[in-house]
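Structure record follows, encoded as structure tokens.
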Amino acid sequence: YTLSLHDALPISPFNSHVVSALKASGAIILGKTNLDEFGMGSTTETSAYRATRNPWEHRRVPGGSSGGSAAAVAQHQCIAALGSDTGGSIRQPASFCGVVGLKPTFGLLSRHGLMSYASSFDCIGPVTSSVQDAAIVLSAMSEPSQQIDSTLQKQKSSAYHEHLLDIEHMTTQPLRGRRFAIIKETIGPGVEISVVERILTAASDIEDLGGIVDVVSCPTFNLGLPAYYILALSEASSNLARYDNVRFGDSELSRSEGMGAEVKRRILMGSYALSAGHSDAYYKRAQEVRSLVEADLSTKLKTYDVLLTPAAPTPAFRANEKKDHPLAMFSGDMMTVNINLCGLPAIVVRGGKVLVEDKLLPVGLQFIGRPFGEVSLLETAHIFEICTWKN
């Protein structure tokens, strides 16, 4: 699909910090990729600029909201692309499109220039063809920011890619001594059998590489999805109040005319959760659940170096299959939202392919690490990738 002149994208008045940092490192910015409007969606079908298709099978979705970035990298249109991850919007499309997607620790990168969806969840991260490329891009983006950013932690910039070894310099069991845990709730009901099989195969590969893999239960894991949507949509209803076509937007349109159906649905749900008489029943309880989920995962990460889950409960599904079923769409984020609730880093790598209707489709494996443990997380994912990945 080629944009016509009247569809031309507006020119941003300034660059985000991460884009400025990339350009300062010599990167060439080719253009903008498609996404769900305001980052609200899991399929890139709710974009203001038409839908994006999955390069593996054009009748299927690329995931979302950063589906355009994942599709562009998967189709070799660029070396890397950026995405924003509020509840899995980098990692789920990376899984659907068979590429690598990194969500850094909340606060590691400056969000200056990022359009806010849910301010306590939003993260910028790279979508790339390899873990090494993700580490290189992360290194460039982690340059200190001079702009005011209340969520940015005072971390020193790091050359993450310099910690990654070539396969020729690895031992026969390069993951020896590292402890992994598959979260039991992510390989149970609601997850396609073919996806579970790929995750268990990946676990076997990790053991062959010297890692220790256990299966552990996180009783609060299934509570994360409803808590996330209450909190994220509540924050969105506040953040998007500025787009009233008076302060921001087209002054010739009403607010309802300037936004898509999915955006309006989420604003209304968030406004309801924050309304008088409902905030204690919904918003306050969701905050309490957030604390429980964070405590549960933090406890597991004291024992294990990395937690393992699928990146999504299914491979890429058909276009329009869930577009008119928002609850079914929301359930697709069950593997990713808990990481945003806790502010943890996570990376999705290729976990193999599964046969769906005579088509081989990629499945992503999610590695979850400790806060600001990107060096170790990238090193682990890199070892797994280069020792197991096959074209």
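The values are calculated or read from the model by the stated rules, or taken from the named source; none is laboratory data. This structure is a prediction, so every number in the text was calculated from the model and none was measured. Don't worry about glycine lacking a Cβ; one is built from the backbone with ideal geometry, like all the others, and counts go over all protein chains shown. These area figures cover heavy atoms from the full protein model, side chains too; ligands, DNA and RNA do not enter into them. Shrake-Rupley method; radii C 1.70, N 1.55, O 1.52, S 1.80 Å.
Estimated from helices alone, the mean residue ellipticity of the chain at 222 nm is -10000 deg cm²/dmol (sum of -39500 (n - 2.57) over DSSP H runs with n ≥ 4, per residue).
Roughly speaking, to the nearest percent, how much of the stretch 266-308's 1.4 Å accessible area is carbon and sulfur?
The nonpolar share, carbon plus sulfur, comes to 56 percent.
Between the amide H of Asp85 and those of Cys123, Ile124, Gly125, distances stay under 5 Å, these residues lying 5 or more places away or on another chain, with hydrogens modeled in the peptide plane. The accessible area of Trp56, taken with all protein chains in place and a 1.4 Å probe, comes to roughly 100 Å².
Among residues other than Ala135 with Cβ under 10 Å from its Cβ, the summed charge is -4 (Lys and Arg +1, Asp and Glu -1). Summing Lys, Arg as +1 and Asp, Glu as -1, what charge do residues with Cβ under 9 Å from the Cβ of Leu365 carry, Leu365 excluded? Net charge around Leu365: +2.
Sorted by packing (mean other beta-carbon atoms within 10 Å per residue), highest first, where do 188-200, 373-385, 348-360, 162-174 land?
Packing order, densest peptide first, comes out as 373-385, 348-360, 188-200, 162-174.
For the pair Ala281 and Ser204, the difference between a 0.36 nm per residue extended length and the Cα-Cα distance amounts to 23.4 nm.
Gain in length, Cys387 to His76, computed as 0.36 nm per residue apart minus the alpha-carbon separation, to one decimal in nm?
109.7 nm
Between His325 and Gln147, the modelled labels are 4.0 nm apart [label points 7 Å from Cα along Cα→Cβ]. For Leu292, put the label point 7 Å out on the Cα→Cβ axis and report which residues of the stretch 210-238 keep their amide N under 17 Å from it. Inside the label zone: 217-231.
Probing with 1.4 Å while keeping every protein chain in the model, the per residue accessible area of the chain equals 46 Å². Here the accessible area of the stretch 45-108 is 51 percent carbon and sulfur, with a 1.4 angstrom probe and all protein chains present.
Inter-label distance, Ala48 to Gln173: 5.6 nm, where each label sits 7 Å from its Cα along the C-beta direction. Cβ-Cβ distance of Leu268 and Phe14, R₀ of 41 Å, FRET efficiency by 1/(1 + (r/R0)^6): the value works out to about 0.85.
Beta bridges per DSSP, both residues in the chain: antiparallel share near 75 percent. With each label modelled as a point 7 angstrom along the Cα→C-beta vector, the Lys300-Ser217 pair spans 1.3 nm. For His163 and Met115, the difference between the fully extended length at 0.36 nm per residue and the C-alpha to C-alpha distance is 14.1 nm. Shape analysis of the stretch 129-171 places it in the prolate category; the axes a ≥ b ≥ c from the Cα gyration tensor give an a/c of at least 1.5, with a/b above b/c. Taking square-rooted eigenvalues a ≥ b ≥ c of the alpha carbon gyration tensor, is the chain rounded, prolate or oblate, where a/c under 1.5 means rounded and, failing that, a/b exceeding b/c means prolate? Cα axes put the chain in the rounded bin. Each Lys and Arg adds +1 at its Cβ and each Asp and Glu adds -1 at its Cβ; summed about the Cα centre, the chain shows a dipole of about 300 debye. Let me make sure I get this right: for the stretch 277-352, a, b and c are the square roots of the gyration tensor eigenvalues over alpha carbons, sorted descending. Under 1.5 in a/c it's rounded, otherwise prolate if a/b > b/c, else oblate. Which is it? Verdict is oblate for the stretch 277-352.
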